[in-house]
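The values are calculated or read from the model by the stated rules, or taken from the named source; none is laboratory data. Since this is a predicted model, take the numbers as computed values, not measurements. Here the Cβ positions follow ideal geometry from the backbone for every residue, glycine too, while neighbour counts run over all protein chains shown.
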């Protein structure tokens, strides 16, 4: 069956469809027209959220004595800080100085940072090697009432601190001059921190230009040039080193500004949106610094412990203490970057020779002396970053001399400690500590034995095994188990037979040894 319709129905359906389309369009445009203009147009750029990264400020403290431990810490901190792109390094200075070689190592580390990315912030003082480190940064900022300068090389002697001569001053002065050229500091004033042989003048020329000139350079001026000098003022007298406070450093062109705090410095530099990252010494670096301070004491205990161990049977507390103390010294120098595999090999050879002396060869002979010598050489080399001093580096020879004195002074101190221990402390330990050797020895003495004894009262002998109080003595060509009169007698000492009870022999020190 087919459906059919007429023309009027077609027109009606067409009209209804058009009406729905128009109605839908009207609703759409009404909705759009109801929106505000601000809701459909793009927002201004200034109103969009700004996603900016904060300026990273790396704070590295340079505090205390300048030495290998500080050099290792600064190197580690700078390497970690470089992982932050476009970071600004701020070195907080508070030091009276220290070792020249460590200062040069720190300077080389700081020079690896672009000059515009490093600031030396003198929080308290930057004296001697500290001044050299501070001037290696691109900018210098000083807190109020702080000081910088006085970098003459000195060495301790019997007469006290002595300033070293031109041979030592020249390379340090050259480094100051290089840093001054790099960062725009007055060269002659930089050198005046190192040398005291000339006076320094502040010269004001007729055209208003300010110059800083040594007395030698001023004397070399021609008469015509001297007539152009409007004013002359002495900045540093002869025989004195240049040391500046924050105001003087600002006037002389070293310091960029004087501030009250680190935050004020950053604000004056226009850095307001920043993130501080402060580096501190790790526990291992603090341990290295502490070990470096007590190194002579550790070596005294170490050498004394090893010697006492060689003079007693077995292996006990003195040997363990000696090895641990020397190992701490070596470990500290290794972490500071001074000791290396060469020094470790020498120390290991010394310990092996010591083992041969204790467990293989009787007495104290060549192996024992060689062991002590190898350990001493290993300790000396572990205190420096060179084997033989370089003639072109003048402070290496005095440093070697100082390290030799430190090690052999420790050996001398250990000898005193050994004497005190064996003479006064060890004999008392046998009375305070109950040892199984005493009970066992006396129980086995068999006082009532009828076995004949082929020695007589007054016979002299040599101690083979230490008497604590029991031990072994060689009388003539025979060895005898004897007992002392309660006193400890070391191996090698002379004794005399004082009493004989059956087969028990009692001895005492001979009068010659007591004297």
With (1) in the same structural domain as residue 62 (by TED's automatic domain parsing); (2) outside any helix (DSSP H, G or I); (3) modelled with pLDDT of 85 or more as the list, and residue 155 as the residue in question, which single condition is left unmet? (3)
In the range 110-142, which residue that is touching a residue at least 60 places away in the same chain (Cβ under 8 Å), touching a helix residue (DSSP H, G or I) at 6+ places or on another chain (Cβ under 7 Å) and assigned to a helix (DSSP H, G or I) is surrounded by the fewest Cβ atoms within 10 Å (Cβ to Cβ)? 115
Any residue that is under 36 Å from the mean Cα position of the chain (by Cα) and either at pLDDT 75 or above or farther than 24 Å from residue 324 by Cβ (or both) - is there at least one of those in the range 421-430? yes
When residue 280 is evaluated against the numbered criteria (1) outside any helix (DSSP H, G or I); (2) within 30 Å of residue 69 (Cβ to Cβ); (3) touching a strand residue (DSSP E or B) at 6+ places or on another chain (Cβ under 7 Å), which criterion, by number, is the only one it fails? (3)
Of the residues in the range 387-401, those that are surrounded by 14 or more Cβ atoms within 10 Å (Cβ to Cβ) and either closer than 17 Å to residue 375 by Cα or under 20 Å from the mean Cα position of the chain (by Cα) (or both) come to 395, 396, 398, 399, 400
Is it fair to say residue 409 is assigned to a helix (DSSP H, G or I), crowded, with 16+ Cβ neighbours inside 10 Å and at pLDDT 85 or above? no
Scanning the range 221-247 residue by residue, the ones that are in a loop (DSSP other than H, G, I, E, B) and touching a residue at least 24 places away in the same chain (Cβ under 8 Å) total 6
Just to verify a result, which residue in the range 58-74, among those that are in a helix (DSSP H, G or I) and in contact (Cβ under 8 Å) with a residue 40 or more places away in the chain, is surrounded by the fewest Cβ atoms within 10 Å (Cβ to Cβ)? 72
Condition met for residue 127 (farther than 15 Å from residue 243 by Cα, in the same structural domain as residue 274 (by TED's automatic domain parsing) and within 25 Å of the chain's Cα centre (by Cα)): no
